[in-house]
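Each remark here refers to the structure printed beneath this line.
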């Protein structure tokens with residue numbers, strides 16, 4: 001049933017907020033025609049509008065209009081609209097109470113329920129209630145494993161909130177891993193330029209600060225990282241690119257170039273030795289990558305030359321690489337040889353993919369040659 005009060009409210013909002021007047025007029029017309037699916041998207045877009053958010057009373061708008069549509073519109077979108085409106089609570093505990101009160105309304109939609117729990121977890125994170133936040137996120141993550149066909153926005157919101165949680169806890173590796181998942185589930189066009197910028201800065205710093213982050217290419221291959229170019233953080237983009245080359249000379253030159261920027265970050269200064277170790281480990285991994293699979297017995301002297309280490313420090317670097325799960329093998333202290341049996345798979349930058357392609361082509365030739373010899377031998 002169409003309510004005249006709702007129509008009057010929408011007319012008044014159109015007059016009070018001319019910037020979104022056309023949107024409100026369309027919502028009113030679709031409301032009169034009971035076009036619930038179209039209204040759902042329009043309401044979500046309207047509550048995302050920054051100008052409308054600042055000027056309108058979204059909570060009254062929700063309680064006087066949106067809540068009356070709870071049985072007519074998509075449950076997940078309904079909750080997303082509610083979460084948008086909950087931003088206007090000055091008291092976060094009140095926002096949590098408001099959102100918790102909607103659980104019964106979406107009891108038949110697992111996706112909406114999970115999104116609601118993640119949104120409440122994000123509010124608890126803002127209050128510093130870390131245990132309550134993490135318990136909710138862990139619960140949602142467990143439930144998602146048992147589900148199929150859940151909208152990717154639920155995964156996006158989960159990994160975003162997990163990443164923010166780990167960032168608060170200064171667990172850089174976990175922040176980076178969940179941040180990558182968030183970006184994988186979130187279309188770039190759905191992020192504002194400011195959001196792209198902030199995620200790139202924080203994830204870029206996590207690479208430099210995380211003790212066991214070596215899959216750098218996963219971030220570098222994402223177009224949003226280019227949002228750092230021509231900004232005050234272009235230095236971070238350049239350092240990450242240099243780190244990813246595994247070229248120690250290029251990396252150290254980059255550090256010298258941006259010494260002032262690095263020294264302005266207390267975290268980076270404190271972790272300078274760790275960063276130096278990281279480029280050496282990457283250089284060691286790059287050395288292995290360039291070797292044929294059957295030629296991975298590496299002498300201490302060769303490793304020392306590539307990594308700019310003293311020979312007596314090579315064994316420690318290799319043991320560190322093994323403890324991080326990056327390589328497996330044996331160390332022959334007598335002959336001073338490292339026998340590498342396995343290297344952890346990781347995403348390769350484009351130049352390394354070209355090398356891999358050349359290796360595969362060479363391997364293909366060798367296979368064909370072997371088959372020819374076998375054929376000739378059987379004749």
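The values are calculated or read from the model by the stated rules, or taken from the named source; none is laboratory data. Because the structure is a prediction, the values reported are computed rather than measured. All Cβ positions, even for glycine, are placed from backbone atoms using ideal geometry, and neighbour counts span all protein chains on display.
Between 294, 299, the distinction of being without any contact (Cβ under 8 Å) to a residue 40 or more places away in the chain and surrounded by 12 or more Cβ atoms within 10 Å (Cβ to Cβ) belongs to 299 only.
One line per residue, one yes/no per condition, for (1) surrounded by fewer than 18 Cβ atoms within 10 Å (Cβ to Cβ); (2) closer than 18 Å to residue 86 by Cβ:
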residue	(1), (2)
99	no, yes
110	no, no
142	yes, no
168	yes, no
171	yes, no
193	yes, no
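Only one of the listed residues (313, 305, 351) is modelled with pLDDT of 95 or more, within 20 Å of residue 251 (Cα to Cα) and either in contact with a helix residue (DSSP H, G or I) (Cβ under 7 Å, 6 or more places away or on another chain) or part of a helix (DSSP H, G or I) (or both). That residue is 305.
This table checks each residue for (1) over 19 Å from residue 113 (Cα atoms); (2) surrounded by 12 or more Cβ atoms within 10 Å (Cβ to Cβ).
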site: 45; (1), (2): yes, yes
site: 50; (1), (2): yes, no
site: 55; (1), (2): yes, yes
site: 66; (1), (2): no, yes
site: 85; (1), (2): no, yes
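Of all residues in region 321-335, which are crowded, with 18+ Cβ neighbours inside 10 Å and not in a strand (DSSP E or B)? 321, 326, listed by residue number. Restricting attention to region 67-82, the residues that are at pLDDT below 95, part of a helix (DSSP H, G or I) and under 22 Å from residue 153 (Cα atoms) add up to 2. Residue-level check: of (1) part of a helix (DSSP H, G or I); (2) within 21 Å of residue 218 (Cβ to Cβ); (3) at pLDDT below 95, residue 267 misses just (2).
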